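Engineer: If you scroll down you'll find the structure; I have some questions about it.
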Amino acid sequence: MSSNEQIIGRQDVNDLAAILAVSNTDVHAVVHAVEDNADAIFTWDYEKGKRPALNKLYEKAKHSQWNGETDLDWSIDVDPMQLVELQRIEFGPTDRAQFIGTPFELWTDAQFDVMAMEQNNWMLSQFMHGEQGALICTAKIVETVPWIDAKYYAATQVMDEARHVEVFARYLDTKLNGHYPLNAHLGLLLDDIINDSRWDMTYLGMQIMVEGLALAAFGFMQQTTPEPLLKQLLRYVMSDEARHVAFGVLSLKEYYEELSFAEIRERQEFAFESAVRMRDRLLMQEVLERMDVDVHAAVKMAMEDEGRLLFQQMLFSKIVPNCKKLGLLDAGDGWLRQKFGELGVIQFEDLTDTSDEYEAFALDDANLQSASTA
Ligand SMILES: [Fe+2]
Ligand SMILES: [Fe+2]
């Protein structure tokens, strides 16, 4: 059995010095190359619909394409202060008493507002980078998955992800003040997913873990933001993401039934590694560096903040039930159940899994109407 040291590079998941030691040193590079180590697989079995659930998803995807250029109202002027309101909801009220003895003790309201705008910009930037990760991973799945129904579906997802990268980049560059570089923890995870030679690991890392977290985060932001363009953009993106997560669950459910105990254990370890990387990225260390505060002290404070902790845990509300549905929580001796317990997210295991939630997120008229007014 692998140790934490072997899986995530440190023994204690909460080792703050080790977490902060991981930083992006490549911030000025325009490209980043990753070996993808996988064989491209042709299949000569062209029977369409052999996997009915994937076929249904593919047919649905063909009818659910939208155009980021024309379907979103880019004439809306974005008031960044409306986004600050969102940060206040996510990260709790700025009660002055709680900052005594911390790096924020002498901060003015204006400084908190600037940080909130930076946090928002950072969050949306990491979504954009994650979307590019999804674009690359799904193109890889088209090559590596051996089933024709999955290749067909993945091809539609490649188009979806291109659209997502496009709309997040446009929002950041034309409505806010540009973007943050890729967070190093998210970068480690994306590199590991792309680097792995086994086709199902792309699905586990991307469709189950990264997109599972994104679906929860988008849902929260979509419901809470008062900014109309972001609300609309996230609603459109979510209608696609719900299908993507379903694609992961449906494909892996079938494949995992054939795997040995040792192979399942490797998947459990990868799920744990991914969860830790995503949790570490949420500490937003780059924002604190930009705000010129004592990063170690501020991150320590963030790790102990109850409101932030609840928000962070909520982001795992799609991942945990999906891992359960795939049999990953309890396989073997329940190793992943114990690890998710240590991360404080096991309480979500009995929420609905997302293998058919995409119907509820579809862009039909009724859903869209409630999205723009909710
Ligand atoms: Fe996406
Ligand atoms: Fe996606």
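Every read-out reported here was derived from the displayed coordinates using simple, explicitly stated rules and does not represent laboratory data. From a predicted model like this one, the values you see are computed outputs, not experimental measurements. Cβ atoms come from the backbone with ideal geometry, glycine included; neighbour counts cover every protein chain shown.
Engineer: When the helices in the chain are scored as -39500 (n - 2.57) per DSSP H run of 4 or longer and the sum is shared across all residues, what 222 nm value do you end up with, to the nearest 500 deg cm²/dmol?
Structural biologist: Working: 18 runs with 227 residues, N = 374.
Using -39500 (n - 2.57) per qualifying helix, the result is -19000 deg cm²/dmol.
Engineer: What dipole magnitude, in Debye to the nearest 20, does the chain give about its Cα centre under +1 on Lys/Arg Cβ and -1 on Asp/Glu Cβ?
Structural biologist: Values: 32 positive and 63 negative charges, 103 e Å.
Using Cβ point charges on Lys, Arg, Asp and Glu, the chain gives about 500 debye.
Engineer: Shifting gears a bit: Given all pairs of different Cα atoms, what value in angstroms does the Kirkwood hydrodynamic radius of segment 96-373 take?
Structural biologist: One over the average 1/r among Cα pairs gives 19.6 Å for segment 96-373.
Engineer: Among Leu190, Met115, Met314, whose Cα sits farthest toward the positive end of the charge dipole of the chain (+1 at Cβ of Lys/Arg, -1 at Cβ of Asp/Glu, about the Cα centre)?
Structural biologist: Highest projection toward the positive end goes to Met314.
Engineer: Expressed as an acute angle from 0 to 90° and rounded to the nearest 10, what is the orientation of the C-alpha long axis of helix 184-195 relative to the principal long axis of the chain?
Structural biologist: So the helix axis and the longest Cα principal axis differ by about 10 degrees.
Engineer: Quickly work out the Arg96-to-Glu266 label distance, labels modelled 7 Å from Cα along the C-beta direction, and quote it in nm with one decimal.
Structural biologist: 5.8 nm
Engineer: Which whole-Hz ³J(HN,Hα) couplings does segment 238-253 yield from phi under the Karplus relation 6.51 cos²θ - 1.76 cosθ + 1.60, θ = phi - 60°, glycine and proline marked x?
Structural biologist: For segment 238-253, the Karplus-derived couplings read 4, 4, 7, 4, 4, 5, 5, 5, 4, 4, x, 5, 5, 6, 6, 4 Hz, x marking Gly and Pro.
Engineer: Next question, about the same structure. When the Karplus curve 6.51 cos²θ - 1.76 cosθ + 1.60 is applied with θ = phi - 60°, which whole-Hz ³J(HN,Hα) does each residue of segment 10-23 get, with x for Gly and Pro?
Structural biologist: 7, 6, 9, 4, 9, 6, 4, 4, 5, 5, 6, 5, 8, 9
Engineer: To continue, here is another question. Quick check: the distance between the Cα centres of segment 15-66 and segment 316-366, to the nearest angstrom?
Structural biologist: With segment 15-66 and segment 316-366 each reduced to a Cα centre, they are spaced 20 Å.
Engineer: Right, something else. Using the number of other C-beta atoms within 10 angstrom as an exposure proxy, rank His296, His63 with the fewest first.
Structural biologist: Numbers: His296 15, His63 8.
Going from least to most buried by this count: His63, His296.
Engineer: Each residue of segment 305-316 in turn: what ³J(HN,Hα) in whole Hz from Karplus with 6.51, -1.76, 1.60 and θ = phi - 60°, glycine and Pro shown as x?
Structural biologist: Karplus-based 3J(HN,Hα) across segment 305-316 equals 6, 5, x, 5, 5, 5, 4, 4, 5, 4, 5, 9 Hz.
Engineer: Next question, about the same structure. Pulled fully out, how much extra length does the chain show between Asp73 and Asp39, if you take 0.36 nm times their separation in residues and subtract their Cα-Cα distance? Intermediate values should be presented prior to the final figure.
Structural biologist: On the way: separation 34, 0.36 × 34 = 12.24 nm, distance 4.19 nm.
Gain in length upon complete extension: 8.1 nm.
Engineer: Right, next: In segment 220-297, what GluC sites (Glu not before Pro) fall in a loop by DSSP, with at most 15 other Cβ atoms inside 10 Å? List each step's numbers first, then the result.
Structural biologist: Numbers: sites: Glu241, Glu254, Glu257, Glu258, Glu263, Glu266, Glu269, Glu273, Glu286, Glu289; in loops: Glu257, Glu258.
Here the GluC sites (Glu not before Pro) that fit, given the DSSP loop and packing criteria, are Glu257, Glu258.
Engineer: Which of Ala242, Ala18, Ala150 moves most in a GNM of the chain, Cα contacts under 10 Å?
Structural biologist: Comparing Ala242, Ala18, Ala150 in a Gaussian network model of the chain, the most mobile one is Ala18.
Engineer: To continue, here is another question. Would you be so kind as to identify which of Val299, Leu343, His244 lies farthest towards the positive end of the dipole of the chain, taking Lys and Arg as +1 and Asp and Glu as -1 on Cβ and the Cα centre as origin?
Structural biologist: Result: His244.
Engineer: Select from segment 1-61 those GluC sites (Glu not before Pro) which occupy a DSSP coil region and have at most 16 other Cβ atoms within 10 Å, ordered by residue number.
Structural biologist: Sites meeting the loop and neighbour criteria: Glu35, Glu47.
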